[in-house]
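What follows is a short report on a single structure.
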Amino acid sequence: MLVSAKSEKTLRSHRTRLSSQQRRSQILQTAIKLFAERGFRGTTTRELANAAGVTEPVLYQHFKTKRDLYGAIIERKSQEGQEKFESRLAPYLARGDDVGYFRTLAELILEHFAEDPAFARLFLFSALERHELARLFYERHIQCFQQLISGYIRDRAKSKFLRRVDAQTAGCAFLGMVTRYGNMSVLFNEPLGRKRIKKISAIVVDIFMNGIAPGRKGRQ
């Protein structure tokens, strides 16, 4: 059976027609890629619309301004990350497994860099450009991680399972040790495969929990 060119075009249109939510998600994913490559200021709404396969009026139907679009990316990624972290860390919280908790936390952070390097680059651009949403990015991601780690250390120290330290400083130290590898993977294209992620996490947690002074036995 022959199909006219007009009919084929109509069929393609039906196949590619997206719901409002699907279109919004498509725009968000496209925006992450462009912002990560060119920065917030270096990306125009026309470029965003073209890359997403929509017109600028359609783009504005979903996001009134480029700032709204950027903010939506931050909020969505923050929510997705929080849900994933809470789910993976819950078993270790329940049984008070400190080593398991920190190893899993380190693995989650490194997986984030490995699986979503565009979003990691987006954060770096945000910090360097210092536009008005850079602070929101910092609060919803970096501070969120710091508070998660510091809160855990503080609670476990109160229960005498960890020794008392400045929880905020300890949390920043742990985060810094782990994210160094993530940042290097993004900036210098250093692959983070599953085996390497587990090895890095084990070593970092051993040093964090046991130090490097002689006489301490590591628990790798």
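The values are calculated or read from the model by the stated rules, or taken from the named source; none is laboratory data. Quantities reported herein were computed from a predicted structural model and do not represent experimental measurements. Note: ideal-geometry Cβ built from the backbone for every residue, glycine included; neighbour counts use all protein chains shown. Note: areas computed on protein heavy atoms with side chains; ligands, DNA, RNA excluded. Shrake-Rupley method; radii C 1.70, N 1.55, O 1.52, S 1.80 Å.
With a 10 Å radius around each residue's Cβ, average the other Cβ atoms per peptide and rank 46-55, 172-181, highest first. Don't jump to the answer; show the numbers that get you there.
Values: 46-55: 15.9, 172-181: 17.5.
Ranking the peptides 46-55, 172-181 by packing returns 172-181, 46-55.
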Specify which labelled value, from [x] 41, 38, 33; [y] 79, 46, 33; [z] 67, 36, 33, agrees with Cα extents along the principal axes in Å derived from the coordinates of the model shown.
[y]
In vacuo Debye scattering of region 159-220, one point per C-alpha: log10 I(q)/I(0) at q = 0.15, 0.18, 0.21, 0.24 Å⁻¹?
-0.57, -0.77, -0.95, -1.09
Given the Cα-Cα distance of Q21 and T65 and 0.36 nm per residue of separation, how much length would full extension add, in nm?
14.1 nm
Give, rounded to the nearest 20 debye, the magnitude of the charge dipole that the chain has about its Cα centre when Lys and Arg contribute +1 at Cβ and Asp and Glu contribute -1 at Cβ.
280 debye
Most positive-pole-ward Cα, A202, T30, L148, against dipole of the chain from beta carbon charges
A202
Describe numerically, in nm with one decimal, the distance between label points set 7 Å from Cα along Cα→Cβ at D155 and at D97.
1.7 nm
Based on the alpha-carbon gyration tensor of region 32-76 and its eigenvalue square roots a ≥ b ≥ c, which shape applies: rounded if a/c is under 1.5, prolate if not and a/b is larger than b/c, or oblate?
oblate
What part of the accessible area of region 84-133, given as a whole %, is carbon or sulfur when the probe is 1.4 angstrom?
55 percent
Pop out the Kirkwood hydrodynamic radius of region 29-157 from its pairwise C-alpha distances, inverse of mean 1/r, in Å to one decimal.
16.2 Å
Estimated 222 nm signal from helices in the chain, with DSSP H stretches of n ≥ 4 weighted -39500 (n - 2.57), rounded to 500
-24500 deg cm²/dmol
Using θ = phi - 60° and the Karplus curve 6.51 cos²θ - 1.76 cosθ + 1.60, what whole-Hz ³J(HN,Hα) does each residue of region 184-196 get, with Gly and Pro shown as x?
5, 5, 7, 6, 10, 6, 8, x, 10, x, 4, 5, 5
Sparse-neighbourhood loop hits (trypsin sites (Lys or Arg not before Pro), region 66-141; DSSP loop; Cβ within 10 Å at most 10 others) -> R130
